[in-house]
Amino acid sequence: TSDGSEITDEDVDQAIEIIRQRVDASGVTEAQISRQGGQNIVVSLPGSPSQDTLELVRTSAVLYFRPVIRIIQGSASALADSYNQRLAQASASPAPTDAASEAPAEVEPSGAPAEDEAEPTEAPADSDAAATDAPTPQPTPVTAEQVAMQVADVNGDGTISEDPLPATSEDSSSDSWISEKMIYDAYMLDCTAPDNLTGETQDPAEAVISCAKDGTGKAYILGPADIAGTNIANAASGLETTSQGTTTNKWIVSLEFNAEGTDEFSAVSERLIAYRDKASAGGGQANPQSTDSQKAQFAIVLDGLTIMASGFNPDVTSAITDGRVQITGGFTQAQANTR
């Protein structure tokens, strides 16, 4: 138990029911789930169950909905390797090129292209010879630590601080929940490594770093949990039904929150839609790498790993107040069932 209290018979019965629902959703038939002693549950599955089915049984399934504050598309190690490879290719090229001298564009915390930190100084009109004779700086390989330092040093003072960043709002999407050190750690985290994809317990009251469960390497910096999984009254998979009542061939996950979750999700949806609209206020499509676009998403986090992060469709223009949500994501039927 999360609070150290004694496990009750009701806790075990609830766990058995949850496991049974998961196994049924995975399509496995003739599974036997029984209680053994006061705190043990035995699950017998026929044949050779898939790894996904085994994970459904084994994971503790602590679920939270958290706001996205930053999205890290790749680790500092991967970005450094990519930059160094381009540098080596440019050095081996017979034609001179300045491509290798560019800072990696994808290593800004917001995902925006990096700006030149130092503009070239113009020589006086009568000093052409001096300018011509000046040696051309040669680009050098970078380390993962240097890349992480570059993107995490938000205030540009040359150090990585553990102090909160300046507040951008008064809610759980605010930058004040995170620090330069947290951004640095997120970039230094390898979310493709199996050891970082096993899940862990995380404090719902604090901002956290979460790897994408699918192993693609994406990392998320997430604010404190807005909604707990215990606020879900019902969840089901099925084919999408449009607002006109037409059924499509798209598989979705439908959620229905209880009264507390409905109130919380209403506030969350209003906040995230405002970020989405702010990001696209220029009349064009929002830059998906801007911080406002990233903050327009919320993450579904299971045992510390992000199952998915999603924003709101353009046709959702106001807060969702009835507690009913449809989640789309190009799911197959099997993916929708097991989510």
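The values are calculated or read from the model by the stated rules, or taken from the named source; none is laboratory data. All figures in this text were calculated on a predicted structure; none of them were measured in a lab. A quick note on method: Cβ atoms are made from the backbone with ideal geometry, for glycine too, and the neighbour counts reach across all protein chains shown. These area figures cover heavy atoms from the full protein model, side chains too; ligands, DNA and RNA do not enter into them. Shrake-Rupley method; radii C 1.70, N 1.55, O 1.52, S 1.80 Å.
One table, with the values for the structure above:
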item	result
Nearest-20 debye value, the range 1-69 charge dipole, Cβ charges on Lys, Arg, Asp, Glu	280 debye
The range 219-314: C-alpha gyration tensor shape, a/c 1.5 cut-off, then a/b vs b/c	oblate
Heavy atoms of Met188 accessible to a 1.4 Å probe, total area in Å² rounded to 10	70 Å²
Farthest toward positive dipole pole in the range 153-297 [+1 Lys/Arg, -1 Asp/Glu at C-beta], among Ala207, Cys191, Val253	Val253
Proximal lysines relative to Lys295, as straight alpha-carbon distance under 24 Å, when same-chain residues fewer than 8 apart are discounted	Lys181, Lys213, Lys218, Lys278
Coil-residue GluC sites (Glu not before Pro) of the range 141-192, DSSP, other Cβ within 10 Å capped at 12	Glu162, Glu170
